[in-house]
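Here is the structure we will look at.
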Amino acid sequence: MRLRSGRWCTAGMGAAVLVLAAACGNDGGAPDYGPYAIHGDDDFDRQPSRIRGIFAESVRLADHIVFATDIDPDLTTVRGGGISADDRGFHENALSPQQRAAARPFGVAGSFGIAAANRPAGDGPPQKYLAVSLTAFRDERSATAAAAEMARVDFEASPDNAPVGVDAFPAALSHWRPGVPSLGSLMAWKNVVIRVYAELPDPDPGRLVDMVTTTYRKQVAGLAGFDTAPVPDPATVALDPDGLLIRLVRTGDPLADPKTFAAFGVRAYSALSPEPPHTFSKYSGSGVTTLAVSHNKYLYRMRDSKAAAQYGRDLAADPENSEYTWMRNVRGLTAATCSQATRPDPKSVQARRYRCVVVRDGYVAVVYSNTETDVRQLAAAQYTIMGGPR
């Protein structure tokens, strides 16, 4: 269901995460929350917003997209992708301006794409290349009409293009592009248009059709569970249907953004990373089910409390991009473990000198600050808000 699927973000992937699971008790004394509220607020989801809704629908699509390495294990170099629709329109870079214009009248509700090759751009011999995008429309009829119009304008872009059939998927609209030897294909699946673009070394239409067929087969399977209910107005789509963001202390504006305020499923998060299959395996294998970011805080919902405890121990032993040393913890809160960076993280734009990790039930949170007192206050508030009603 659209209102029951939560998702998260890219911002935490480069940050060091340190977690130490501990007992969730309080050793006495009034907690010092400083300026922070200890009650969650879903005000960002109460009013209609096209900005929020199209973003949220795009992230839902990302949680179902196929990875290029699922099609061909050589396609390990990510060459683009991400959220490709917003309140200003449809801006999928892999599509021509004519295709984007053709899609807009049919009600784009969200879009996400991913592209990968067997080598970086400009390096080496002719490449393998695959781009896949998912675009949700307001309903099935609109998606079918959009796919037909997008395929038509793309086919007519060159007199040398030639139609090609994909026998396993007769609804797919495909054509051979001899100018840059490749195959482009679009297919409506319920209210989603799947777009596939493929290149191969020494290409011929038959081999490209095989690659496109494999992509469609795995992508359609990946869409299992996607909520295909009509989206007459994307402004009504919720950003945080699973209630992750309301379990994070508010420290900034709640504006939907993949780096500062979002909730993602593990696959969506992974699709935005430089190494999607590795990232997906890392997090799903640890028992992470959904993730969220809210400015200087990250929240991981785990499979259960046992997984949270183990994940904490694992991350405590692997500080990733920064070296941290233990510091005095939050008074009276044994569930929080705090540390201080001994050197800056070269991959982090933000300064994060102090960090506390909080474990409660099946959740793990990581909070950052540049002052020692503030990070302890933030950790105390974060622990309290994580215990809110489910």
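The values are calculated or read from the model by the stated rules, or taken from the named source; none is laboratory data. As the structure is a computational prediction, the values presented were derived from the model and not from experiment. Quick reminder, even Gly has a Cβ in these numbers, built from the backbone with ideal geometry, and neighbours come from all protein chains shown. Quick note on the areas: whole protein, heavy atoms, side chains included, nothing else; ligands and nucleic acids left out. Shrake-Rupley method; radii C 1.70, N 1.55, O 1.52, S 1.80 Å.
Observations on the model:
- Evaluating residue 207 against the criteria (1) in a loop (DSSP other than H, G, I, E, B); (2) open to solvent by 20 Å² or more (accessible area, probe 1.4 Å) leaves one unmet condition, (1).
- Meets criteria (of a type outside the set (S, T, N, Q) and buried (at least 21 other Cβ atoms within 10 Å of the Cβ)) for residue 117: yes
- Hits in the range 50-71 (condition: farther than 10 Å from residue 239 by Cα and open to solvent by less than 50 Å² (accessible area, probe 1.4 Å)): 58, 61, 62, 63, 64, 65, 66, 67, 68, 69, 71
- Listed by first and then second residue, the pairs linking a residue in the range 226-242 that is open to solvent by 40 Å² or more (accessible area, probe 1.4 Å) to a residue that is of a type in the set (S, T, N, Q), with Cβ atoms under 7 Å apart and 6 or more places separating them unless they lie on different chains, are 230/191; 242/5; 242/290.
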